[in-house]
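Colleague: One structure, pasted below without further comment.
The values are calculated or read from the model by the stated rules, or taken from the named source; none is laboratory data. Values in this document were obtained by computation on a predicted structure and should not be read as measured data. Here the Cβ positions follow ideal geometry from the backbone for every residue, glycine too, while neighbour counts run over all protein chains shown. Surface accessibility is based on the protein's heavy atoms, side chains included, excluding ligands, DNA and RNA. Shrake-Rupley method; radii C 1.70, N 1.55, O 1.52, S 1.80 Å.
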Amino acid sequence: MFNTLTAMPADPILGLLTQYRQDSHPQKIDLGVGVYKDPVGHTPILDCVKTAERLRTETETTKVYIGPTGSPQFNSLMTELAFGSTHSALIADRIRTVSTPGGTGALRVAAEFIKSCNPNAVLWVSDPTWANHTGLFEAAGITVKTYPYYDYDSKSLKFDEMKAALNNIGSDDVVLLHACCHNPSGMDLTKAQWDEIISITAKQGFTPLIDMAYQGFGDGVEEDAYGVRQMAAKVEEMILCSSCSKNFGLYRERIGACSIIAKDSNKANIAFSVLLYVVRCIYSMPPAHGAALVETILGDSELKQQWLDELTGMRNRINGNRQMLVNKLIEHGVKQDFSFIANQKGMFSFLGINAAQVETLKQQHSIYMVGSSRMSIAGISEANVDYLAKSIATIL
C-alpha cells in the first residue's frame, strides 16, 4: 500500500527553521517561525503559567479522561474571555464551547462540524490567509475559495474588493475572518470596517467562522474581541476558534477552544450534540493540562491580572519592534516608505520585497523569512535590528 505514495512538499517554515539552526553565521536572524521571543531570542514561560503549574502539581489527583467537552470551567472562562461576561448571546444561552488540541484542533473540529451541517458548503478565506487554513478544511472535504484582502503593492486592505466579494456569497457558505493580528499580513479591520462586514454577513446570511489566535496581541484583550462580540450580537449562527498558544505562551500544551452560537438555546443543544460527535470521531478526549493552567489563571483575580500585565509586555515589545525597524531603515538611508510596518498589528508583516531579494537576505546575510517576505516581528531585537536594517538596505 505504501508503495503508491509520493512525497509531500516540506513545510516551508519548518524547512527554514532547519536551515537557520544549521547556519553558523554569528549574526543570523530567524524571522520565520511565528512564536513570541524576548529580547534575547528566547520564548519564555510566563510567570503566571509557572505559578499555575505549581498549583496544578499540588492539587491534581487523577489522570482520568475529562470527557469530550473538556473542562467545563475552562470552557466557561474562555467563552467569557472571547465574548465578555454580559454578552447577549451568553445571557440567552446560545453559546456552546468545547476545549480542543490547540487552535488548529479547533479549526479541524469546525471543519468537520461544517461538513456535518452542509457537505456542499464552500469556505471562503482571505487572500492571503494562514498557510494551514486551506489544508485543514480541504482535508475535511470542504471546497475552499478566496476573497480579496491584502494589497501587496499599496500595503493596505482591499476593503472595497473584499466587500464586493462578500456581497456575492450565499447563505449556504462559510466565511473565515481573522479576529485580530491578521496572519500573515498584520493588516486588521478597523471597528468601522468590522461594522460594515457584520452588516454584510447579516444581510447575506452566510455563516461567519472567526479565527482568534492572537487575542491580546493587537490592541488589548477587550479591544481585540470587538469583531467577535459585535458579530455574535448581530447574527443567528456563528463559529469561533480560539487558541491559548500565543497569549498564554502554551504552544506545546496544545490547548484551544471551539465555540458555536445558534439561534436559541434549544438549537444550540442540538448543534452541540453534533459538535461532540465530531470530537469523539477525531480525538475522543482533549488534553487537560493546558486547560487546567488557563482556568487557574483566569479563575484567580491576581493571576489573571499578572497574565494581563505579562501579555501587555509582550504586545508592547512587538509594537516597539515595528517602530524600531522602521526608524532603523530610515537611519540607514532607505527612501522607500516602510511606515506600514509600524501601523500593522500582531506578530507578522510582509516586508514587501520579492522572492529573489528574500533569497539574497538568506544567502548573503543569514536572515531567514518566508519567500513571500512574511516576517515574524517577534524575531527582531535591539541587538539585531541594526544589522537587519542595514542588510535590507543593501538589497533594495
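Colleague: State whether the range 202-304 is rounded, prolate or oblate according to the following rule on the C-alpha gyration tensor (a ≥ b ≥ c being the square roots of its eigenvalues): a/c under 1.5 gives rounded; otherwise a/b larger than b/c gives prolate, and the remaining case gives oblate.
Modeller: Judged from the Cα gyration tensor, the range 202-304 comes out oblate (a/c at least 1.5, b/c at or above a/b).
Colleague: Can you tell me what the convex hull of the Cα atoms of the chain projects to on average, as an area in nm²?
Modeller: 21.0 nm²
Colleague: Rounded, prolate or oblate for the range 1-73? Axes are the square roots of the Cα gyration tensor eigenvalues, ordered a ≥ b ≥ c, and the cut-off for rounded is a/c under 1.5.
Modeller: oblate
Colleague: Same structure again: Can you give the accessible area of His25 in Å² (nearest 10), computed on protein heavy atoms with a 1.4 Å probe?
Modeller: Using a 1.4 Å probe on the heavy atoms, I get roughly 50 Å².
Colleague: Right, next: With runs of 4+ DSSP H residues as the only contributors, calculate the mean residue ellipticity of the chain at 222 nm using -39,500 (n - 2.57) per run, divided by the residue total and rounded to the nearest 500.
Modeller: Calculated from helices alone, the mean residue ellipticity at 222 nm is -14500 deg cm²/dmol.
Colleague: Here's another thing I want to ask about it. What is the extension gain from Val334 to Ala233, computed as 0.36 nm multiplied by their sequence separation minus the C-alpha to C-alpha distance, in nm to one decimal?
Modeller: Full extension from Val334 to Ala233 adds 31.8 nm.
Colleague: Which whole-number percent of Cα pairs in the range 254-396 have a distance greater than 17 Å?
Modeller: 72 percent
Colleague: Would you list Asp30, Asp47 from the most to the least accessible area, probe 1.4 Å?
Modeller: Output order, biggest surface exposure first: Asp47, Asp30.
Colleague: Which cross-chain or sequence-distant (5 or more) residues have an amide H under 5 Å from the amide H of Asp127, H modelled 1.01 Å from N in plane?
Modeller: Counting only residues 5 or more places away or on other chains, the set is Tyr147, Tyr149, Tyr150.
Colleague: Lys/Arg Cβ at +1, Asp/Glu Cβ at -1, dipole of the chain taken about the Cα centre: which of Phe217, Gln22, Ser259 is farthest positive-ward?
Modeller: Gln22
Colleague: At 1.4 Å probe size, put Lys63, Lys191 in order of accessible surface, largest to smallest.
Modeller: Sorted by accessible area, descending: Lys63, Lys191.
Colleague: On to the next question. Normalising by the residue count of the chain, find the relative contact order in percent from Cα pairs under 8 Å and 6+ residues apart.
Modeller: Here the relative contact order equals 26 percent.
Colleague: Where Lys and Arg each count +1 and Asp and Glu each count -1, what net charge lies around Asp151 among other residues with Cβ under 11 Å from its Cβ?
Modeller: Spelling it out: positives minus negatives among the neighbours equals -2.
Colleague: OK, next. Report, to two decimal places, the Cα Rg of the range 129-225 normalised by 2.2 N^0.38 Å (N = number of residues).
Modeller: So the range 129-225 has a normalised radius of gyration of 1.07.
Colleague: Using a probe of 1.4 angstrom, how much of the accessible area of the range 159-294 is carbon and sulfur, in percent?
Modeller: Reported share for carbon and sulfur atoms: 48 percent.
Colleague: Still on this structure: Would you mind computing, in nm to one decimal, how far apart the modelled labels at Asp219 and Asp153 are, each placed 7 Å from Cα along Cα→Cβ?
Modeller: Taking the simple label geometry, Asp219 and Asp153 are separated by 3.0 nm.
Colleague: Let me ask something else. Please work out the Kirkwood hydrodynamic radius for the range 29-167, using every pair of different C-alpha atoms, and report it in angstroms with one decimal place.
Modeller: Mean inverse Cα-Cα distance, inverted, gives 19.2 Å.
Colleague: Using amide H atoms built in the peptide plane, which far-off residues or other-chain residues are under 5 Å from Met238 H to H?
Modeller: Ile261
Colleague: Moving to a separate point now. Give me a comma-separated list of calculated 3J(HN,Hα) values for the range 12-22, in order, Karplus coefficients 6.51, -1.76, 1.60 applied at θ = phi - 60°, integers in Hz, x for any Gly or Pro.
Modeller: Karplus-based 3J(HN,Hα) across the range 12-22 equals x, 6, 5, x, 4, 4, 4, 5, 4, 5, 7 Hz.
Colleague: Okay, which of the range 219-245 sit inside 20 Å, backbone N to the point 7 Å along the Cα-Cβ direction of Leu308?
Modeller: What the label zone holds, given the 20 Å backbone N cut-off, is 219-230, 243-245.
Colleague: Connecting C-alpha atoms closer than 10 Å in a GNM of the chain, tell me which of Ile260, Ile91, Ile142 has the biggest fluctuation.
Modeller: Most flexible of the set in this elastic network: Ile91.
Colleague: Turning to a different aspect of this structure: Out of the DSSP beta bridges found with both residues in the chain, what percent are antiparallel (nearest 5)?
Modeller: Looking only at bridges with both residues in the chain, the antiparallel portion is about 45 percent.
Colleague: In the Gaussian network model of the chain, springs joining C-alpha atoms below 10 Å, which of Asp160, Asp386, Asp93 carries the largest mean-square fluctuation?
Modeller: Asp160
Colleague: Using only C-alpha atoms and all pairs of different ones, pull out the Kirkwood radius for the range 289-342 in Å with one decimal.
Modeller: By the Kirkwood definition, the hydrodynamic radius is 13.5 Å.
Colleague: Sequence-distant or interchain residues sharing an amide H contact under 5 Å with Ser156, placed H: which?
Modeller: Asp151
Colleague: Using the Karplus curve 6.51 cos²θ - 1.76 cosθ + 1.60 with θ = phi - 60°, what ³J(HN,Hα) values do you get for each residue of the range 362-378, in whole Hz, with x for Gly and Pro?
Modeller: Whole-Hz 3J(HN,Hα) from phi for the range 362-378: 6, 6, 9, 10, 6, 10, 10, 8, 5, x, 6, 6, 5, 10, 7, 4, 5.
Colleague: Continuing with the same structure: Would you mind giving the average projected area, over all directions, of the Cα convex hull of the range 339-396 in nm² with one decimal?
Modeller: Averaged projected area of the range 339-396's Cα convex hull equals 3.8 nm².
Colleague: Just how far, in whole angstrom, is the range 96-129 from the range 262-282 if you go by their alpha carbon centroids?
Modeller: Each part reduced to its Cα centre gives a spacing of 13 Å.
Colleague: Pop the C-beta distance of Ser85 and Asn3 into the FRET formula with R0 = 56 Å and round what comes out to the nearest 0.05.
Modeller: 0.50
Colleague: Considering the zone a paramagnetic label at Thr190 would reach in this model (a point 7 Å from Cα along the Cα-to-Cβ line), which residues of the range 299-340 have amide N under 17 Å from it?
Modeller: Residues 340 qualify, since their backbone N sits under 17 Å from the label point.
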